[in-house]
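Have a look at the structure below before the remarks.
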Amino acid sequence: MILTILKSARCWLFRRRWLACCLGLSMVSPASAGSSNSLMDVSADGRLLACSNRDSGTLTIVDLRSHHAVREVPVGAKPEGVSFIGDSHRVAVAAYAEDAVVLIDADSGALLHRTAVFDEPYGVVSDRAGKRVYVTLDYPGRVVEIDAASGKLVRELQVGRFLRGIAITPDQRRLLVTEYYTTRIQSIDLATGEVNDQWTGARTDNLSRQIVVHPNRPKAYFPHLRSRVKAVHGEGSIFPYLSVVDTVPGPERRRKRIPMDAFLGNLVTSNPWEVALSHDGRQVYIVFSGTNDLFACRELDDNYREIEFRKHLQLGHNPRAVRVSPDNKTVYVYNALDFNVVAYDTEKLEVVATIPVCENPLGEQILEGKVLFYSALQPMVGRRWISCSSCHPDGDADGRTWHNPEGLRNTQSFAGMAWTHPIHWSADRDEVQDFEHTIRGKLMQGRGLISGEVRPQLGEPNSGLSASLDALAAYSNSHKFTLSPYASGGLNAAARRGQALFASRETNCASCHSGPFYSDSRPRQPKAIVRHDVGTGKDDETEKMGPEYDTPTLLGLYRTAPYLHHGRAVSLRDVLTTFNRDDHHGRTSHLTGRQIDDVVEFLKALPYQDPEIEASQLGLEKVR
C-alpha cells in the first residue's frame with residue numbers, strides 16, 4: 001500500500017514536471033521585473049520601485065532601502081503602465097495621452113528614448129533578457145514591440161480591440177493580453193506574431209485592465225467587473241471578480257470567475273483594479289479602488305477554488321497598483337489619490353513604510369471631487385457595490401448600453417462635458433449637482449452630499465448647497481479631449497472632402513453639430529434646452545423620454561462605438577446609413593458610398609485641434 005502511494009506521488013510529480021517542461025515553465029521561477037503590467041514595478045534586485053503618477057504626468061523612483069522617493073521625472077500626460085527592463089534599472093513607461101513610450105534611466109532620471117506610437121499606450125512588460133519592451137495600445141487594439149537598446153519600433157501587431165492588460169509567460173514565448181471592454185484574453189506567439197489561443201468570457205464581463213501569469217503553473221489571473229446592463233439597482237448591476245484561466249492549450253482549458261463581493265463573508269468590494277502574485281506563486285493580492293480594500297490570499301493548487309482568503313486590509317484612497325518584492329517579504333500598494341505608496345510586510349501585513357511619491361497636482365477641490373467619484377462608500381453609496389467610476393472610469397465610457405428606467409442609454413464620456421451641458425441623452429439635468437438624485441436614488445443608495453432636501457433637476461440650482469457636491473461637479477467637468485490619432489498629420493484628402501460635405505447645406509449636419517465641440521448644447525437655462533428628433537426614438541420599445549434627444553459632441557467618436565442613445569449603431573457608417581434612412585439625422589441617404597466613407601473619415605479625425613482654444617476665442621462659457 002505504501003509503495004503504491006509512493007509510486008503514485010512520483011508519477012504525479014513526474015507528470016507535473018513533464019507538463020512544466022512542455023509548457024516552457026520552471027518549477028522555481030527566478031524573480032523578474034516587468035513580467036506583467038502595472039502602474040508600479042520593482043527592480044529585479046529589489047533596490048528600486050517605479051510608480052507612474054497619472055494625475056501629475058510623472059514617474060517617481062523610490063529607493064527601497066531608505067523608503068524615500070529619490071526623483072520624480074516628467075514623462076508626459078496620463079502615464080499608465082511602467083516596467084523595469086530585464087534586470088536593469090532602466091524603466092519603460094506608457095504616456096497614455098501623449099501616444100509615447102518613454103525609456104528612463106532610474107539611477108539618474110535621464111531620458112533615454114521616447115518612442116511615438118499610434119494611440120493610447122497602456123500596459124508595458126519587458127522580456128527577461130532586457131532586449132524587448134512590449135506595449136498594448138488601448139486604441140485601436142495593438143501590441144507594439146520596441147527594441148530596448150535603441151528605442152526603435154520593431155513590430156506592431158493587430159490583436160483585438162481596446163487592449164490594456166499584458167503579461168509575458170515564464171518561457172518568454174507568449175504574450176497574454178486582455179481586451180478592456182470584453183475581458184477576452186488572447187495569447188500571442190512571439191515567434192510569429194500571431195494569436196494562437198484565446199479565452200472568451202461572458203457577455204457581462206467588463207473592464208479588464210491588467211493580467212498576471214503564475215511563475216510556475218499554467219495559470220493567469222486578472223481582475224474585472226461584471227456589468228449586468230439590465231439591472232437598475234446598485235446591488236444588482238456591477239460585480240467585482242477575479243478570474244483565472246488555464247493557459248494549457250487544448251479542450252480542457254478553463255476560465256473561472258471568483259466573485260469578490262462574497263469572498264469574505266458578506267463584505268462587498270467594488271472595482272478591482274490590480275492583482276499581484278508573490279514571486280514564488282504562493283500569495284495573491286487584490287486591490288479594490290472603489291472600497292479601498294486589499295484581499296491577501298493564498299494560492300491553491302487545486303484547479304477548483306484557486307485561492308483561499310488570508311487577511312483583509314483597509315487601504316488609502318483609490319488603490320490602483322500592488323506589487324511584491326523579489327524576496328517575497330514586502331507587498332507595496334499605490335494609493336493613487338493619497339499620492340503615496342505603502343509598504344507592508346507579507347507575514348503580518350503590518351505597515352513598514354509610507355512613501356509620498358508626488359504632490360497633489362489637482363488642487364484641493366478637484367481632488368475631493370475625484371475621491372468622491374471613485375468612492376463606493378457613504379455618503380456616495382449605501383451598499384458598496386458601485387461608484388460613479390464603475391461606469392465612467394477616469395471619465396471615460398464603459399462600452400456598455402444600459403437598460404435604464406427611461407430606456408436604453410449608451411454610456412457617454414465626460415470629455416468636454418463642461419462645454420456641452422445639459423447632461424444625459426435626454427438633457428434631463430442641467431448641472432452635475434443634479435446627480436444628487438442619483439446618489440440618493442435606487443442605483444447608489446447613498447446618504448447624499450446635500451444637508452436637507454435636494455432641489456428638482458432642471459429646477460433651481462443645487463450648486464452652492466454643498467461644497468462636496470460642488471467638488472464632485474468640478475472634477476466631473478474637468479475632463480478634456482485628446483487629439484485624434486487619425487489627424488496627427490492633419491486632415492487627409494478624404495477627411496477634407498468629408499469635412500466639406502459635413503459643413504454643407506446638402507447634408508445639414510453642422511446645423512446641430514456646430515461650434516468647436518460639434519454640438520448645439522451649451523450651458524444655459526433649462527427653458528432654453530435644445531433637443532432634436534433624429535428618428536431613433538421608436539427603435540427602443542422601452543423608451544420613456546424620447547423621441548427628442550440632446551445633441552452629443554462628435555469629438556472623440558473614433559473610439560466610442562457603439563453609437564446613438566440606444567447603442568445599436570455599431571459603426572459610424574451605420575449612423576449615416578442604417579439608422580438614417582429617412583434623413584431625420586441630417587440628409588445622407590443620397591450620398592454615394594465613397595461620400596459616406598469621406599464623412600466617416602472626417603468624423604474619425606475629430607478633434608484635429610484643441611476645441612477649448614477655439615471656444616475661448618469665440619467667447620463661449622463653460623461650467624466651472
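Values quoted throughout were computed directly from the atomic coordinates according to the rules given, and no laboratory measurement underlies them. Because the structure is a prediction, the values reported are computed rather than measured. Don't worry about glycine lacking a Cβ; one is built from the backbone with ideal geometry, like all the others, and counts go over all protein chains shown.
Here are some notes:
- Helical runs (DSSP H, four residues minimum) scored at -39500 (n - 2.57) apiece and divided by the length of the chain put the mean residue ellipticity at 222 nm at -4000 deg cm²/dmol.
- D171-R447 FRET efficiency (beta carbon distance; Förster radius 56 Å; 0.05 resolution): 0.60
- Residues Y374, Y181, Y344 arranged by fewest to most Cβ contacts within 10 Å: Y181, Y344, Y374
- The range 320-392 and the range 106-160 have Cα centres spaced 27 Å apart.
- Relative contact order for the chain, counting Cα pairs under 8 Å that sit 6 or more residues apart, in percent: 9
- Correct choice for mean projected area of the Cα convex hull in nm² that was computed from the model, options (1) 35.5; (2) 29.6; (3) 31.1: (2)
- Stokes-Einstein diffusion for the range 28-356 at 10 °C, viscosity 1.306 mPa s, with a Kirkwood radius from C-alpha pairs, works out to 82 µm²/s.
- Averaging Cα coordinates gives a centre for the range 74-104 and one for the range 188-219; these two points are 22 Å apart.
- Intensity falloff of the range 531-613 expressed as log10 I(q)/I(0), Debye formula with alpha-carbon point scatterers, at q = 0.14, 0.22 Å⁻¹: -0.51, -1.15
- Residues F435, F309, F222, sorted so that the one with the fewest Cβ neighbours within 10 Å comes first: F309, F435, F222
- Reported to the nearest whole Å, the Cα centre-to-centre distance from the range 452-502 to the range 503-524 is 15.
- At most 11 other Cβ within 10 Å, DSSP loop - trypsin sites (Lys or Arg not before Pro), the range 124-161: K152
- Seen from D345, the other residues with C-beta closer than 15 Å to its C-beta sum to a net charge of +2, counting Lys and Arg as +1 and Asp and Glu as -1.
- Under 5 Å from the amide H of V154 lie the amide H atoms of E145, I146, D147, each residue being 5 or more positions distant or on a separate chain, with H modelled from the backbone and absent for Pro and chain starts.
- Three-way shape call for the range 364-476 based on the alpha-carbon gyration tensor, with the a/c threshold at 1.5: rounded
- Cα pair distances exceeding 25 angstrom across the range 137-292, given as percent: 32
- In this structure, the residue pairs whose Cα-Cα separation is over 27 Å, taken from K230/K544; K348/K370; K256/K348; K370/K604, are K348/K370; K256/K348; K370/K604.
- The charge dipole of the chain, taken about the Cα centre with unit charges on the Cβ atoms of Lys, Arg (+1) and Asp, Glu (-1), comes to about 1800 debye, rounded to the nearest 20.
- Sites R254 and K230 - FRET efficiency at Förster radius 30 Å, r taken between beta-carbons, to 0.05: 0.65
- Taking a sphere under 15 Å around the Cβ of R164 and counting the other residues whose Cβ falls inside, with K and R at +1 and D and E at -1, yields a net charge of -2.
- Span-rule helices in the chain, defined as complete DSSP H runs reaching 18 Å or more along the axis (Cα) with Kyte mean at least 0.0: 2-22
- By the rule of a C-alpha distance below 13 Å, with chain neighbours fewer than 8 residues away ignored, the aspartates and glutamates paired with K442 are E235.
- Cα-projected label distance for L264 with A493, points at 7 Å along beta-carbon direction, nm: 6.2
- Residues whose amide H comes within less than 5 Å of that of S426, counting only those at least five positions distant or on another chain, are D550 (H built at 1.01 Å from N in the peptide plane).
- Paramagnetic label zone (point 7 Å from Cα along Cα-to-C-beta, L620; backbone N under 13 Å) in the range 416-436: 416-422
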